[in-house]
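Here is the structure we will look at, set down as structure tokens.
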Amino acid sequence: MQSKHHSRASRRKGERGNVLAYTVLSALFLFLAVGLGVDLSHFYLAKTEMQNAADAAALAGASALTLPNPDRITAAVDRAVELLNANKYNFNNKSFGVERDKLCGTGQACVMFAENLDQLNYVNEATARANPDDIRFIRVTTPSKPVSVIFASPILGSALALTAKATAGLSVPGNVRICIAPLSAVAPNPGESFPAGSEGTCPKPGIQEYVDDKGVKTTCDPTKEFCKGCVYTIRSGPASNPSPGNYQILACAGSGGDAVRDALAAYGEGCKCGNVSPGDEIGVDTKPGDTAGPVQDGLNVRFDDYKGAVKYSESTPPDLNVYDGIKYSDYTKGTPFKGPADGHTGQPERRVLKIPIIEDREFDNGRDVVHVKSLSGFFMQEPVGKKKNGDIKVEYVGGDVSGVTGLDPSGGSSTNIVTPVLYR
């Protein structure tokens, strides 16, 4: 028995710590594996932060493509670059430092444009400015930034370059749901004209003519349809006789003047009427004149007028430009300009009311349910009540205004209101 134990001990004398070597080697590989996992998680976080910044910048740039002026491309670049630089990456402590003319790829600017989503070659700002009306998509690329390798440098090197890319653009016309103001614009029935006194007041009498940037001429008859640049009464004051203007308060805001006032003053997530698309049914309250005061208080906050029951807050902000008595063309140019009072933060396009257009035959003399024919934008040139009659007069600007919710692929095609959408 003793000889057997002696024999085993003799054989073990030649091992010389092999188990210790295997253990140390295994620990080394385990350390590298754990380090690689930590580094990969770090890269994933940095990439996600970059992608979020690119997504936000692309959407901000796309929002400028709805502007009806030749500077929309410049505005799109400004918004995209500003928002990209406002975001950080790598545990929220590294800035992108993007400049307008900075290249973020081989011969490519950080902000590029295209007419079609699948266009092979996106173009730079200078090229896009030559035909701004054709541009519907914007692509934002972050600069390639090195992210340090912490543990796995023997495998991955000292740093790994990361970048992100996002493409946003305008939704398909008519395929959008928007948060409406609880008012409506009454359109003539098919083949008919506006009732006497309800037709638009236009810059010049008769048929209106428009020429776009490509020289294409279009016309519009303000006695039979809403025409851009013309001013319409969308609600008559309480002293007026019953007219289509008295149909305008929509019951989706709730019952009573206070509910209407709060819905008209609300901004962003405070929308009271939900998201509406052409063809939807909406309840309408046809009692004339009863809510003239609350309607005035709710609308006039856009001019930084808080003399009524509405008080300033982030959910009831004024417009960025509260200059009284300007046309929409002046508003989009930003001249003349008057900002809100100190301490009041304005928001863009607050003076553009997104209102459903409803045919006159949809209404009767009592509470009813009506169908939305289309959605359009109406611009408030001046506060309600300025002329002491309580009429709400607004300039028709059409459907080329930004929506607030997003793409609805099942929508119809009876409006051209568009909204920025993140595609990829």
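If the condition is being within 21 Å of the chain's Cα centre (by Cα), more than 16 Å from VAL397 (Cβ to Cβ) and charged (D, E, K, R), then region 296-347 contributes only GLU314. Within region 330-357, the set of residues being assigned to a helix (DSSP H, G or I) and free of Cβ contacts under 8 Å to residues at least 40 places away in the same chain comprises just one member, ASP330. Residue-level check: of (1) touching a residue at least 60 places away in the same chain (Cβ under 8 Å); (2) over 22 Å from MET50 (Cα atoms); (3) of a type in the set (Lys, Arg), ARG129 misses just (1).
Laboratory data are not the source of any read-out in this text; all were calculated from the coordinates shown. All of these numbers come straight from a predicted model, not from anything done at the bench. When we count neighbours, we look across all protein chains shown, and the Cβ atoms used for this are built from the backbone with ideal geometry, even at glycine.
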